[in-house]
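I have placed the structure first, in the form of structure tokens, so that the comments after it can refer back to it.
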Amino acid sequence: MLKSPEMILCAVRKIAVAALPEELVRQALLQRMIEQLGYPPTLLAVEKELSQLPHLALHRTKLPKRRADILCFAKGIHPAYDLYPLLLIECKAIPLNAKVITQVMGYNHFVDARFICVANQQEINTGWYDSSKKELQTISFLPKYKELILQNYLV
């Protein structure tokens, strides 16, 4: 007889989800983002297909069937959209490596968030493209929401 997985409540979607290893990472991070780092729950999206993102609705190229683990939106950061992706996060239950970074960068090719992040239970890395250096810059933490908006941790 198969045992059904335990369920946990998603802090953003307000639904019960299977407590699988990657979901535990995602929910722990969401809780920290909301309770400690000041991310507004109303600006967070979880497990959204790229085709469901408002700014990609009229995308002329075919979008891959991929889901963003966590997306944080912000108001007033793009001239054409009221809400626009600020941060794209990929959660993993495995060690972080170059393949994981490549995966989130591939997603972000379409999403176009200003920041990307990869996280597991032990580590977290936040990155952004530095146009002056023409390379990805990273830090080993997730900044507070207001810091990302102001980008003052880059100083």
Taking segment 115-155 and keeping only residues that are surrounded by 14 or more Cβ atoms within 10 Å (Cβ to Cβ) and of a type in the set (Gly, Ala, Ser), one is left with Ala119, Gly127
Which residue, of Ala18, Ala57, is farther than 15 Å from Tyr107 by Cα, modelled with pLDDT under 90 and of a type in the set (Gly, Ala, Ser)? Ala57
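Of the residues Ile77, Ile70, Ile34, only one is assigned to a strand (DSSP E or B), under 21 Å from Pro143 (Cα atoms) and either among the charged types (D, E, K, R) or modelled with pLDDT of 95 or more (or both); which?
Numbers: Ile77 fails: either among the charged types (D, E, K, R) or modelled with pLDDT of 95 or more (or both); Ile34 fails: assigned to a strand (DSSP E or B).
Result of the check over Ile77, Ile70, Ile34: Ile70.
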Are there any strands (runs of 3 or more DSSP E) wholly within segment 86-148 with 1 or more residues that are among the aromatic types (Phe, Trp, Tyr), and if so which? 115-119, 124-130
Consider only pairs whose beta carbons are under 7 Å apart and that are at least six residues apart or on different chains; among these, list those whose first residue lies in segment 114-132 and is free of Cβ contacts under 8 Å to residues at least 60 places away in the same chain and closer than 10 Å to Leu96 by Cα and whose second residue is surrounded by fewer than 18 Cβ atoms within 10 Å (Cβ to Cβ) and of a type in the set (Val, Ile, Thr). Val118/Ile101; Asn125/Thr138
Of all residues in segment 6-36 being farther than 18 Å from Lys48 by Cα and of a type in the set (Asp, Glu), the one that is farthest from the chain's Cα centre (by Cα): Glu6
Of all residues in segment 7-42, which are over 18 Å from Glu90 (Cα atoms) and among the acidic types (Asp, Glu)? Glu35
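The values are calculated or read from the model by the stated rules, or taken from the named source; none is laboratory data. Because the structure is predicted, anything quoted here is derived from the model rather than measured. Methodologically, a virtual Cβ is constructed for each residue, glycine included, from the backbone with ideal geometry; neighbour enumeration extends over all protein chains shown.
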